[in-house]
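Written out below as structure tokens is the structure these notes cover.
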Amino acid sequence: MNPTQVLLLCGGGSAEHEVSLVSANYLESELTSLPSVSVVRVEITKDEGWKDSEGQACRLNLDKTLTVGDKIIAIDYVVPCIHGYPGETGDIQSLLELAGLPYMGCDPSASIVCFNKITSKLWFDAIGIPNTPYVFLTENSADSVLKAEEAFERWGAIFVKAACQGSSVGCFKVSEKESIKDAIEQAFTFSNQVLVEKAVRPRELEIAAYHFNGEVVVTNPGEIRCPEDTFYTYDEKYSTASHSLTTLEPDNLTDEQIAKMREYAKRAFVHLKLKDLSRIDFFLTTDGEVLLNEINTFPGMTPISMFPKLVEHNGHTFSDYLASCIQSGINSG
């Protein structure tokens, strides 16, 4: 019996390109441990097109094949390990849908909704999930600065965030009114929509919600602990010099708080039609309020990332989890 040919896509050319490569290293090691799977890894570069691990030019064809140099490889399943554009934005998923290829992760529409902080918060409101107070900005103008300043007056410190970026890229904490205009201008360089959120001093808790053998699984939360008076920046997430700590069994959480997070996570996973995997991030405020912060449809898979840790802590080996995704995708394809 021929092995299942899996195409592992990585890179993407966005601000999260390098982290996608690190995540792909982990996924490749787990996929190659499966005896029934054969893996071909392709990096999507910003300037040089698609390349395999030996630097050969590649092309994905619409007949479920991959051209690598002068070879043609039949592809059975795709793992799009791309953080940010085009992996979490729905773009690569649209291409795979056109090619008729089954793939790991959410479909284009769910990816688009979750990657945009504005549309995701509208969904949270619509399905009754509490989230941080916010204001939307759709243009870089004096009126937008005024709206942000009014929010600052109401809430004190604020976060100014590019609406369509991941991993805290284009995210700025503003503690002084004089800094608002500059933060907005910077955020608009990353996205054509900007979100202004009330800055809270929360605990940051993360839940893995995923499919395993056809069932929705929702873990207990893990916790990210950042250094005092900082927030979870891109560097704090992925730098080897990060001072942030993660724990899979947070202390001082009530059963009610854990139950709320798990219920909200499952509600979001089911109603937003997520598939295979997600990391759903929550804030727990100092007065005990549970707020859904954001959903990551292809979370980090680096050695320090929370999603694979939570899956394994929940009793599923990661290779078995991947095998379940592959089998489900092929059976439904």
Exercise for the section: Quick one: which residue in 135, 113 is touching a helix residue (DSSP H, G or I) at 6+ places or on another chain (Cβ under 7 Å), of a type in the set (A, V, I, L, M, F, W, C) and part of a helix (DSSP H, G or I)? Expected result: 113
Exercise for the section: Go through the range 239-333 and tell me which helices (runs of 4 or more DSSP H), entirely inside it, have 2 or more residues that are under 16 Å from residue 214 (Cα atoms). Expected result: 255-271, 318-332
Completion exercise
Subset of the range 297-320, residues buried (at least 20 other Cβ atoms within 10 Å of the Cβ) and more than 21 Å from residue 249 (Cα to Cα), comes to 297, 298
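Condition (residue is modelled with pLDDT of 95 or more and under 25 Å from residue 201 (Cβ atoms)) applied to the range 310-325: is it met by at least one residue? Steps first, answer last, please.
Taking the range 310-325 and keeping what is modelled with pLDDT of 95 or more, we get 310-325.
Still in the list and also under 25 Å from residue 201 (Cβ atoms): 310.
Within the range 310-325, one or more residues are modelled with pLDDT of 95 or more and under 25 Å from residue 201 (Cβ atoms).
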Practice task
Mind telling me which of the residues 85, 134 ends up being at pLDDT below 95, open to solvent by 20 Å² or more (accessible area, probe 1.4 Å), closer than 30 Å to residue 282 by Cβ and of a type outside the set (Lys, Arg)?
Solution key: 85
Exercise for the section: Filter the strands (runs of 3 or more DSSP E) completely within the range 1-63 down to those with at least 3 residues that are open to solvent by 30 Å² or more (accessible area, probe 1.4 Å). Expected result: 37-44
Exercise for the section: Report whether or not residue 124 is part of a strand (DSSP E or B), at pLDDT 95 or above and closer than 30 Å to residue 183 by Cα. Expected result: no
Problem - Within the range 259-291, tally of residues that are β-branched (Val, Ile, Thr) and touching a helix residue (DSSP H, G or I) at 6+ places or on another chain (Cβ under 8 Å) - result: 2
Practice task
Tell me, yes or no, whether the range 178-194 has at least one residue that is part of a strand (DSSP E or B) and crowded, with 21+ Cβ neighbours inside 10 Å.
Solution key: yes
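The values are calculated or read from the model by the stated rules, or taken from the named source; none is laboratory data. Since the structure is predicted, the reported quantities are computational estimates derived from the model, not experimental observations. Backbone-built Cβ (ideal geometry, glycine too); neighbour counts: all protein chains shown. Quick note on the areas: whole protein, heavy atoms, side chains included, nothing else; ligands and nucleic acids left out. Shrake-Rupley method; radii C 1.70, N 1.55, O 1.52, S 1.80 Å.
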